[in-house]
Amino acid sequence: MSAEVEALTSASGLISLLDEEERELQYYGLAQLNAVTDRFWTEISDSISKIEILFEDESFEHRQLAALVASKIYFYLGEFDDALSFALGAGQLFSLTESSKYAETIVNHAMDNYIKLRSSNAQVDPRLEAVVERMIEGCFAAKEYAQVIGIAIESQRLDVLERALFSGETKHLLAYVQNDCVDLISSIHLQTQVQELLVK
């Protein structure tokens, strides 16, 4: 964060850039607001509609940044469904690995929603599916197989469970699933499918 941004005592100047007609000034304003949302979210929240308009404008090249800023503002307002919705609109700008309360909360909310939708056989937003896939791939890359197994079982993703079982120390992971996970599965059908996978 630049010294100039750190010295700010108000976000009003940055917010006013969103009203400019020049796209680069709007982008600069959004980029700077993104850097100070944790300090000025209450002030920025009064102008959330301006940020949403930029996100909805399909001709605006930096729509994803507008979505990210809106997501952070809704997070600070305690509106986690809206925060997740805009985080999904932010695409790759929404970092799953950022070490902040915002990212941690939205990732958890995304996972909870995904599990709920999968367990009720409801339609899953492809953007939510993409975020969960990024989370799963991150766990595989970090060799966090127990975490992947937990996600797979909770979200009823047998394809991911099978991949996890054969990606690491298979014997150890099979024992982990058998001893620590199977009894926690409430669905008899899913429990049977997991058991069948274990004896494969």
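The values are calculated or read from the model by the stated rules, or taken from the named source; none is laboratory data. Only a predicted model underlies this, so the values are computations on that prediction, with no experimental measurement involved. Note that each Cβ is placed from the backbone with ideal geometry, even for glycine, and that neighbours are counted across all protein chains shown. Remember, those area values only see protein heavy atoms, side chains included, never the ligands or the DNA or RNA. Shrake-Rupley method; radii C 1.70, N 1.55, O 1.52, S 1.80 Å.
A compact table of results
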| read-out | value |
| --- | --- |
| Conditions (1) modelled with pLDDT of 65 or more; (2) touching a helix residue (DSSP H, G or I) at 6+ places or on another chain (Cβ under 6 Å); (3) at negative phi; (4) assigned to a loop (DSSP other than H, G, I, E, B); number of the one not met by Gly168 | (1) |
| The lone exception for Glu21 - which of (1) open to solvent by less than 60 Å² (accessible area, probe 1.4 Å); (2) more than 20 Å from the chain's Cα centre (by Cα); (3) over 19 Å from Ala103 (Cβ atoms) it fails | (1) |
| Test: residue in segment 123-142 that is at pLDDT below 85, open to solvent by 20 Å² or more (accessible area, probe 1.4 Å), part of a helix (DSSP H, G or I) and closer than 29 Å to Tyr76 by Cα | no |
| Hits in segment 17-43 - residues which are hydroxyl-bearing (Ser, Thr, Tyr) and under 13 Å from Ala70 (Cα atoms) | Thr37, Thr42 |
| Test: residue in segment 53-76 that is within 18 Å of Arg127 (Cα to Cα), acidic (Asp, Glu) and surrounded by fewer than 16 Cβ atoms within 10 Å (Cβ to Cβ) | yes |
